[in-house]
Each structure stands twice: as C-alpha cells, then as structure tokens.
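See below for the structure under consideration.
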Amino acid sequence: MTGYTKILAMAHAVPEKIVTNDDLAQIMDTSDEWIRSRTGIAQRHLAADNETTTDFAAAVAEKLLTQSKISAEQLDFIIVATMTADSVMPSTAAKVQAHIGAVNAFAYDLTAACSGFVFALAQADKLISSGASRCGLVIGAETMSSVVDWSDRSTAVLFGDGAAGLMLDDSGTAPLILAEKLQTDGTRADKLTCFKNEFLKMDGRAIFDFALRDVPKNIMEVTADAEVDYFLLHQANARILDKMAKKLGQPREKFLQNLQHYGNTSAASVPLLLSEMAENGVVKEGQTLLLSGFGGGLTWGSLLIQT
C-alpha cells in the first residue's frame with residue numbers, strides 16, 4: 001500500500017555575513033528609513049565571494065539527514081528549486097547529491113523563481129504518494145546577490161541569500177497536501193527577468209499589482225472554506241503581506257514574516273520561513289498551513305498542507 005507524504009525534518013542555512021540597510025546606504029543613494037518604509041526589510045544575509053548556491057543547499061541537505069536520521073543512501077530523489085545555480089550543467093541538485101553521497105537518488109533543479117519551492121514540493125508529493133519514490137529532499141536555494149545590480153537601489157535592497165528545505169518520506173497516515181493550484185503566465189514574463197550574463201530587472205509596480213491581483217484569487221481557490229492556522233507567503237515585501245491579509249479577510253497575525261531579517265530570498269523564501277517558524281515553535285504538527293509563492297515567469301502557486 002502506498003503511504004502518504006510526511007515531513008520528517010526542516011532545516012535552513014544562511015550566510016554569516018549580514019548587510020544592514022545602513023551598510024547599503026554607504027554604497028548607494030538610499031537609507032534605512034527609505035528601505036524599511038517601502039519593504040519592511042532591515043537586513044539581509046549575503047554570500048561571501050567563496051560561497052555558492054550549492055554550498056547552502058548542501059548545508060541544508062546535511063542538516064536534514066542528521067535531523068531525520070535518514071542515510072544519504074536511502075534517498076530516492078533530490079529536487080533543488082533555484083534561479084541562481086552555479087552552473088547550467090551540472091545542476092545544483094547533482095552537486096548536492098555528490099556532496100552527501102546520495103548514490104541512489106536522481107537529482108534535478110527546478111526553475112520557477114520565487115514560486116520554485118512550492119512547485120517543487122508539489123512534484124515531490126506526487127513522486128511519493130504515487131509510490132514511485134519513498135524518500136527525498138526538496139530544497140530552495142539562492143545566491144540572489146550574484147544577479148542583482150548593486151548600483152540599482154530599486155532592486156538591490158530587496159534581496160538576500162540562503163537555502164532551506166524539507167526531508168520527506170512515505171510514512172504519513174493522511175495526505176500532506178490537501179489542495180493545490182500552480183499557475184504560469186509567460187505573456188507577462190518581461191515584467192521580471194534575469195537573462196544570462198545580465199542583472200535581474202523588475203517592473204516593480206507591475207509585480208506589486210500582479211501579487212495583489214492574481215495571488216489572492218489563487219489562495220482563495222485553494223483554501224476554500226478551510227480553517228488556516230498560518231499563511232506562509234513568499235517574503236517579498238511587508239506591504240504586500242499587509243494588503244494580502246485585508247484582501248483575504250484574515251488577521252495580519254496569521255501571515256508569518258521574517259523578511260525583515262533575510263530580505264527576498266526567492267525560491268528559499270517559503271521554506272526558510274517554514275523552517276524558522278518550526279524551529280521557534282510557532283509552526284507545529286497538526287496545523288493547517290497555506291504556502292504560496294509568486295514571482296518571475298510569471299509564476300504563482302499555493303499549497304494547503306496539513307503538518
């Protein structure tokens with residue numbers, strides 16, 4: 001009999017280097033007040049020159065193995081959601097596989113920008129619930145500092161680096177994902193881009209409007225009449241979270257937030273929030289959570305999960 005997907009462990013890893021808004025004010029025309037008032041961000045963790053996306057993803061993988069007491073040889077798959085892979089080939093996931101010695105796992109990267117982790121978790125759940133796989137890792141990892149233009153205050157102040165993820169297996173007694181909806185609109189792809197050998201470019205107003213117009217509809221369709229304990233949305237902007245709560249008619253306190261400490265970490269954003277809130281005892285077993293990512297592609301998607 002095929003088992004249901006279960007979360008065995010959560011973990012995150014971020015660079016030691018912290019860059020505050022005041023630090024950024026020393027190298028560009030900005031200020032702590034300007035950044036906080038528009039985004040809610042106070043600081044971000046940035047990779048050192050010798051640190052890579054693979055380093056943070058591998059650190060998360062090691063933590064997940066230790067916490068779950070699963071051996072690397074038991075893993076069937078490794079999915080890494082990232083838009084800042086160190087190389088096109090080999091994938092970040094393949095490098096993680098080699099690093100931890102997961103000799104029996106197939107591994108691949110998934111590119112869906114800030115929605116990446118949500119898309120990857122949806123895939124992983126199907127691998128396990130179908131019986132095709134029994135155990136695997138889903139990781140979101142980014143070094144956004146490598147693709148932003150540090151002379152452009154409209155984008156550079158927003159992003160940070162890091163990774164986070166989950167260990168999953170088939171020992172669940174009930175479905176992990178209760179409802180889901182994943183969406184893409186390539187006709188609006190030019191609103192947020194990052195071409196090869198170019199910096200990330202964003203039409204901030206268009207993306208802000210997209211987040212507040214399309215994402216709430218997606219979330220409402222997924223949640224329906226469910227009683228949600230917490231909403232874990234992509235950590236892009238505190239004002240988006242404020243407005244999202246009003247649009248959904250939910251208390252702002254239900255919309256968990258850590259972007260003030262990490263900035264926008266793209267595909268790492270949702271799992272970083274999930275892992276940190278579990279570590280702090282806010283997220284607990286038996287809760288109903290809404291995970292939602294939205295960003296480049298344009299992509300957006302939500303999962304209603306039961307922990």
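Values quoted throughout were computed directly from the atomic coordinates according to the rules given, and no laboratory measurement underlies them. Computed from a prediction, not measured in an experiment: that's the story for all the values here. Note that each Cβ is placed from the backbone with ideal geometry, even for glycine, and that neighbours are counted across all protein chains shown.
Counted residue by residue at 0.36 nm each, then reduced by the alpha carbon distance between them, the extension gain from Lys69 to Arg213 reaches 47.6 nm.
When the chain is described by a simple charge dipole with +1 on each Lys and Arg Cβ and -1 on each Asp and Glu Cβ, the residue from Ala211, His12, Thr52 located farthest towards its positive end is Ala211. Per-residue extension of 0.36 nm, minus the Cα-Cα distance of Thr2 and Asn280, leaves a gain of 96.8 nm for this segment. Look at the Cα gyration tensor of the chain: its axes a ≥ b ≥ c give a/c of at least 1.5 with a/b at or below b/c, and that counts as oblate.
For the peptides 265-275, 283-293, residues were scored by their other Cβ atoms within 10 Å and the scores averaged per peptide; the highest-first order is 265-275, 283-293.
Around Met10, what is the net charge, scoring Lys/Arg as +1 and Asp/Glu as -1 over all other residues with Cβ under 14 Å from its Cβ?
The answer is -2.
Near Asp214, once Lys and Arg are set to +1 and Asp and Glu to -1 for all other residues with Cβ below 14 Å from its Cβ, the sum equals +4. Counting only other residues whose beta carbon sits under 12 Å from that of Thr39, what net charge do I get with K and R as +1, D and E as -1? Charge balance near Thr39 sits at +2.
Couplings 3J(HN,Hα) for segment 88-101, derived from phi with the Karplus relation 6.51 cos²θ - 1.76 cosθ + 1.60 (θ = phi - 60°), are 5, 8, x, 6, 4, 4, 5, 5, 5, 4, 5, 4, 9, x Hz, where x marks Gly and Pro.
Taken about its Cα centre, segment 66-222 carries a charge dipole of roughly 140 debye when the Cβ of each Lys and Arg holds +1 and the Cβ of each Asp and Glu holds -1. Over the chain, dividing the summed -39,500 (n - 2.57) contributions of all DSSP H runs of at least 4 residues by the number of residues returns a 222 nm mean residue ellipticity of -10000 deg cm²/dmol. Between Met28 and Arg205, the simple label model (points 7 Å from Cα in the Cβ direction) yields a spacing of 2.0 nm. Look at the alpha carbon pairs under 8 Å that are at least 6 residues apart: their mean separation over the length of segment 23-136 gives a relative contact order of 24 percent. Note that segment 238-249 has calculated 3J(HN,Hα) couplings of 5, 5, 5, 5, 4, 6, 5, 4, 5, 4, 8, x Hz, one per residue in order, obtained from phi through the Karplus relation 6.51 cos²θ - 1.76 cosθ + 1.60 (θ = phi - 60°); glycine and proline are x. In percent, rounded to a whole number, the relative contact order of the chain is 26, using alpha-carbon pairs under 8 Å and six or more apart. Paramagnetic label reach from Arg252 (point 7 Å along Cα→Cβ; backbone nitrogen cut-off under 20 Å): within segment 28-51, residues 33-43.
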